[in-house]
Amino acid sequence: MDVRPAESSEIDALASLWHAGWTDAHATIVPAELKRVRTLESFRDRLRAGLANVRTLGDIGAPLGLCWVKDSELYQLYVAAHARGTGIASALIADAESRLLNAGFDVAWLACAIGNSRAARFYEKSGWHRARTMTNVLDTPTGTFPLEVWRYEKSLRPGAGLPRC
Ligand SMILES: CC(C)(COP(=O)(O)OP(=O)(O)OC[C@H]1O[C@@H](n2cnc3c(N)ncnc32)[C@H](O)[C@@H]1OP(=O)(O)O)[C@@H](O)C(=O)NCCC(=O)NCCS
């Protein structure tokens, strides 16, 4: 499972994967107002703008997942429905954590929509802990949208948090 940079030729495939995954995970747990603005086109536009930070795996043009880091944030993590439960998410998050550590961050964070239980279970088994709830200010095509989320954090440096002798 080699994680690789996303290519501009696969933006449409990545946008479809992201839009479908976002809808799977969020359709029943976020306000209707947010669902209305999370269109396929909006995901395509965001990918175009941030592609340099997006990593994926699978054949070019047939991505199986995507992961995106932004500063110290694990900003997006999505796996295609048919590829969930296969270890792809673990490969993507391990790659992201090592990029965050190499960028100099000792602690990473992410926002998970309240009630996204599968994602929460995945983060917890990957060593992340739920620190608190917070208001995440989301960018949308019509302006910002404040959403209460679970904030997860993880210490990335090996041995961090252990008692010093
Ligand atoms: C979140 C995501 C990346 C995790 O990848 P994955 O391949 O599904 O992860 P895994 O299958 O390894 O782990 C999921 C865990 O949740 C469990 N699970 C499945 N459905 C669940 C549910 N409804 N509630 C709670 N746990 C659930 C699984 O059994 C598994 O735990 P286990 O390994 O202890 O059995 C993937 O599910 C996904 O893309 N979801 C849609 C998009 C999304 O929510 N992204 C995260 C946004 S914050």
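Derivation of every value follows stated rules applied to the coordinates shown; laboratory data play no part. For clarity, every value in this text was computed on a predicted model and none was experimentally measured. Don't worry about glycine lacking a Cβ; one is built from the backbone with ideal geometry, like all the others, and counts go over all protein chains shown.
Normalising the average separation of contacting C-alpha pairs (under 8 angstrom, six or more residues apart) by the number of residues puts the relative contact order of the chain at 21 percent. Beta bridges per DSSP, both residues in region 34-144: antiparallel share near 90 percent. Under a 5 Å amide H cut-off, with hydrogens placed 1.01 Å from N, Y75 pairs with W68, V69, K70 among residues at least 5 apart or on other chains.
Once the piece of chain linking E41 and T23 is laid out straight, how much longer is it, given 0.36 nm per residue of separation minus the C-alpha distance between them?
Working: separation 18, 0.36 × 18 = 6.48 nm, distance 1.37 nm.
That works out to 5.1 nm of additional length.
Between A131 and R151, Y152, E153, the built amide H atoms are under 5 Å apart, and every one of these is 5 or more places off in sequence or on another chain. Placing +1 on the Cβ of every Lys and Arg and -1 on the Cβ of every Asp and Glu, with nothing else charged, gives the chain a dipole about its Cα centre of roughly 480 debye.
Answer rounded, prolate or oblate for the chain, using the Cα gyration tensor with square roots of eigenvalues a ≥ b ≥ c: rounded when a/c is under 1.5, else prolate when a/b is larger than b/c, else oblate. Verdict is oblate for the chain.
In the chain, taking the dipole from charged Cβ atoms about the Cα centre, the farthest positive-side position among A131, A103, C67 is held by A131.
Projecting the Cα atoms of G115, L57, A83 onto the charge dipole of the chain, computed from C-beta unit charges around the Cα centre, puts G115 farthest toward the positive end.
With a ≥ b ≥ c taken as the square roots of the eigenvalues of the C-alpha gyration tensor of region 60-132, please select rounded if a/c is under 1.5 and otherwise prolate if a/b is larger than b/c or oblate if it is not? Verdict is oblate for region 60-132.
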